[in-house]
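The values are calculated or read from the model by the stated rules, or taken from the named source; none is laboratory data. Because the structure is a prediction, the values reported are computed rather than measured. Positions of Cβ are backbone-derived with ideal geometry, glycine not excepted, and every protein chain shown enters the neighbour counts. These area figures cover heavy atoms from the full protein model, side chains too; ligands, DNA and RNA do not enter into them. Shrake-Rupley method; radii C 1.70, N 1.55, O 1.52, S 1.80 Å.
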Amino acid sequence: MSRRPRDSTRLIRAGHPRGPLARTVGPPIQKGSTVLVNAAAALYDERRPTYGRGGLATQHALMSALVELEGASAVRLFPSGLAAMTGAMLAVLEAGDEVLVTDAVYKPTRRFCNRALRRFGIAVRYYPPRTKPNDLMAMASPATRLIVLESPGSLTFEMQDAPAIAELARARGILTLMDNTWAAGLFFKPLERGIDLSVQALTKYVGGHSDVFMGSAAARDDRLAEALDHAIWDFGWAVSPEDAYQMLRGLRTLPTRMARHEASGLAVAAWLAGRSQVAQVLHPALPGAPDHEVWRRDFTGAAGLFGVVLKPCHTRAVHAFLDGLRLFGLGFSWGGFESLALDCDPQFGVRVQRPRFAGPVVRLNVGLEDPDDLIADLERSLKFLSDES
Ligand SMILES: Cc1ncc(COP(=O)(O)O)c(C=O)c1O
């Protein structure tokens, strides 16, 4: 008679699900580093998952939903939006290459370019975000391998002619990569417009609740998808199934939330444009705002993130205005349900060409609160600005 295994053995073998799982609306949160195979012959079968780092059911569900959103050959996940930007760059660049980067790029992406890329022998040059596509191509050298776009720039909101840049770059054999976080993968489709790699900080609008980090890189073709795969395997990036589940949950309501962000953002922007304390509103979807025509031609909607140029005033006055806000939190992120504000000028010093505005720039993330309440909050606080000027 066979011996009954002891508790320590039985507890390790017990408690595994039997048979298929009940169907739920969302995918299962499948956790696992080890993947069990059915037979020794399958251990080295590369057609099947043999290890959990590349993602299991939950991450695959999110990736396939993002393929749908981006119209991509494949989408890969990264532990943050910044990691998606840096990972996509590392996937396609090698020593001796040069990359042209918009001067409006998100500051930590710039830091990566300046510190990490240069250390690995990759040259980096910055171009003014409104450089005409032909002039940008004239800047390219035989070593130029990649052009990085961010449109609109997430602090100063310059729009780029992404389709024209993509077309000209392709003709020269240069790849294009766009940080498309502002459009949330919804209002602009980079891959459909010729861009090779579309990156999003899912942390922002897709997550939508300011509590999870993740980024995605969408590849236009299988060759680029393979390059992303190699980078992911070689560098060892992984995202947790819990976080992937949260992102997938966010995706379900993304279009509904974005419609509200867009409408409220435009209402607040239009109101601000009429205030005596405001010199200019930097919101590409606002008629008359800088680059509105490019936005109207290429985009189908707008995020709730935009800039406000105040009439010239002391930093003390800007702080009094920001500190007086009750419904806008002070913070660096955006894309969440809550409204946020920050002053932008301290970040302009890193640029090759410091942007010139009539006065200090404040950035607002218009959340899902009632826009009339937000306007009332701004109206009250703008008075502190006048008091301190
Ligand atoms: C335009 C843009 N891209 C990328 C990121 C990076 O996202 P994460 O915070 O998930 O690294 C941010 C974050 O603020 C951003 O504003």
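Identify, from the list LEU382, LEU378, LEU364, the residue that is among the hydrophobic types (A, V, I, L, M, F, W, C), closer than 24 Å to THR109 by Cβ and surrounded by 16 or more Cβ atoms within 10 Å (Cβ to Cβ). So that I can check it myself, show each step before the final result.
Values: LEU382 fails: closer than 24 Å to THR109 by Cβ; LEU378 fails: closer than 24 Å to THR109 by Cβ.
Within the list LEU382, LEU378, LEU364, the selection yields LEU364.
Filter segment 54-68 for residues that are in contact with a helix residue (DSSP H, G or I) (Cβ under 8 Å, 6 or more places away or on another chain), of a type outside the set (Val, Ile, Thr) and over 13 Å from VAL199 (Cβ atoms) and give the result.
Listed by number, the residues that qualify are GLY54, GLY55, LEU56, ALA57, GLN59, ALA61, LEU62, ALA65.
Any residue in segment 169-179 that is under 20 Å from LYS107 (Cβ atoms) and of a type outside the set (A, V, I, L, M)? Talk me through it step by step, then tell me what you get.
Going through segment 169-179, the residues under 20 Å from LYS107 (Cβ atoms) turn out to be 177-179.
Now drop any that are not of a type outside the set (A, V, I, L, M), which leaves 179.
Yes; the residues of segment 169-179 include at least one that is under 20 Å from LYS107 (Cβ atoms) and of a type outside the set (A, V, I, L, M).
Just wondering, is there one or more residues in segment 121-138 that are within 16 Å of the ligand (Cβ to nearest atom) and either in the same structural domain as GLN246 (by TED's automatic domain parsing) or buried (at least 21 other Cβ atoms within 10 Å of the Cβ) (or both)?
First, the residues of segment 121-138 that are within 16 Å of the ligand (Cβ to nearest atom): 126, 129.
Pick out the ones that are also either in the same structural domain as GLN246 (by TED's automatic domain parsing) or buried (at least 21 other Cβ atoms within 10 Å of the Cβ) (or both) and you get 126, 129.
Checked segment 121-138: at least one residue is within 16 Å of the ligand (Cβ to nearest atom) and either in the same structural domain as GLN246 (by TED's automatic domain parsing) or buried (at least 21 other Cβ atoms within 10 Å of the Cβ) (or both).
Residue under question is GLY301, and the condition is that it be open to solvent by less than 20 Å² (accessible area, probe 1.4 Å) and not in a strand (DSSP E or B); does it hold? Write out each step before concluding.
Values: open to solvent by less than 20 Å² (accessible area, probe 1.4 Å): yes; not in a strand (DSSP E or B): yes.
It is true that GLY301 is open to solvent by less than 20 Å² (accessible area, probe 1.4 Å) and not in a strand (DSSP E or B).
If the requirement is being open to solvent by 20 Å² or more (accessible area, probe 1.4 Å) and either within 16 Å of the ligand (Cβ to nearest atom) or not assigned by TED's automatic domain parsing to the domain that holds ARG145 (or both), which of these qualifies: SER73, SER80, SER64?
SER80
Are there any pairs with C-beta distances below 7 angstrom linking a residue in segment 260-282 that is open to solvent by 10 Å² or more (accessible area, probe 1.4 Å) to a residue that is of a type in the set (S, T, N, Q), with the two at least 6 apart or on different chains, and if so which?
Qualifying pairs under 7 Å: GLN277/SER386.
A quick yes/no check of all residues on (1) away from the ligand (no atom under 13 Å from the Cβ); (2) assigned to a loop (DSSP other than H, G, I, E, B); (3) under 22 Å from TYR106 (Cβ atoms):
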site	(1), (2), (3)
THR181	no, yes, yes
LEU186	yes, yes, yes
ASP229	yes, no, no
TRP237	no, yes, yes
THR256	yes, no, no
ALA259	yes, no, no
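Residue-wise test of (1) under 18 Å from PHE337 (Cβ atoms); (2) among the hydrophobic types (A, V, I, L, M, F, W, C); (3) surrounded by fewer than 18 Cβ atoms within 10 Å (Cβ to Cβ); (4) assigned by TED's automatic domain parsing to the domain that holds PHE337.
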residue: ALA171; (1), (2), (3), (4): no, yes, yes, no
residue: PRO190; (1), (2), (3), (4): no, no, no, no
residue: ILE195; (1), (2), (3), (4): no, yes, no, no
residue: VAL199; (1), (2), (3), (4): no, yes, no, no
residue: LYS204; (1), (2), (3), (4): yes, no, no, no
residue: MET214; (1), (2), (3), (4): yes, yes, no, no
residue: ALA225; (1), (2), (3), (4): no, yes, no, no
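Examine segment 202-220 for a residue that is more than 16 Å from the ligand (Cβ to nearest atom) and either outside any helix (DSSP H, G or I) or more than 20 Å from the chain's Cα centre (by Cα) (or both), and state whether such a residue exists.
Yes, segment 202-220 has at least one match.
Let's see how each residue does on (1) under 25 Å from the mean Cα position of the chain (by Cα); (2) crowded, with 20+ Cβ neighbours inside 10 Å; (3) assigned to a loop (DSSP other than H, G, I, E, B); (4) away from the ligand (no atom under 16 Å from the Cβ):
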{"position": "SER333", "(1), (2), (3), (4)": "yes, no, yes, no"}
{"position": "GLU338", "(1), (2), (3), (4)": "yes, no, yes, no"}
{"position": "ARG354", "(1), (2), (3), (4)": "yes, no, yes, yes"}
{"position": "GLY359", "(1), (2), (3), (4)": "no, no, yes, yes"}
{"position": "ASP373", "(1), (2), (3), (4)": "no, no, no, yes"}
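Quick check: is even one residue across segment 229-244 of a type outside the set (Val, Ile, Thr) and under 20 Å from THR300 (Cβ atoms)? Spell out the reasoning first.
At the first step, the residues of segment 229-244 found to be of a type outside the set (Val, Ile, Thr) are 229-231, 233-238, 240-244.
Add one more test, that the residue is under 20 Å from THR300 (Cβ atoms), and what stays is none.
Looking for residues that are of a type outside the set (Val, Ile, Thr) and under 20 Å from THR300 (Cβ atoms), one finds none in segment 229-244, hence no.
Can you report the number of residues in segment 148-169 which are aromatic (Phe, Trp, Tyr) and either in the same structural domain as PRO284 (by TED's automatic domain parsing) or within 11 Å of the ligand (Cβ to nearest atom) (or both)?
Residues of segment 148-169 that are aromatic (Phe, Trp, Tyr), as a first pass: 157.
After this cut, where a residue has to be either in the same structural domain as PRO284 (by TED's automatic domain parsing) or within 11 Å of the ligand (Cβ to nearest atom) (or both) as well, the list is none.
Count: 0.
Report yes if ARG220 is in contact (Cβ under 8 Å) with a residue 24 or more places away in the chain and either in contact with a strand residue (DSSP E or B) (Cβ under 8 Å, 6 or more places away or on another chain) or open to solvent by 50 Å² or more (accessible area, probe 1.4 Å) (or both), otherwise no.
Working: in contact (Cβ under 8 Å) with a residue 24 or more places away in the chain: yes; either in contact with a strand residue (DSSP E or B) (Cβ under 8 Å, 6 or more places away or on another chain) or open to solvent by 50 Å² or more (accessible area, probe 1.4 Å) (or both): yes.
Criteria met by ARG220.
For segment 1-108, which helices (runs of 4 or more DSSP H) that fit wholly inside it have 3 or more residues that are small (Gly, Ala, Ser) and within 29 Å of TYR245 (Cα to Cα)?
Here the list reads 57-70, 81-92.
Using the structure shown, decide if VAL105 is in contact with a strand residue (DSSP E or B) (Cβ under 7 Å, 6 or more places away or on another chain), within 16 Å of the ligand (Cβ to nearest atom) and either hydroxyl-bearing (Ser, Thr, Tyr) or modelled with pLDDT of 95 or more (or both). So that I can check it myself, show each step before the final result.
Working: in contact with a strand residue (DSSP E or B) (Cβ under 7 Å, 6 or more places away or on another chain): yes; within 16 Å of the ligand (Cβ to nearest atom): yes; either hydroxyl-bearing (Ser, Thr, Tyr) or modelled with pLDDT of 95 or more (or both): yes.
Against the criterion (in contact with a strand residue (DSSP E or B) (Cβ under 7 Å, 6 or more places away or on another chain), within 16 Å of the ligand (Cβ to nearest atom) and either hydroxyl-bearing (Ser, Thr, Tyr) or modelled with pLDDT of 95 or more (or both)), VAL105 qualifies.
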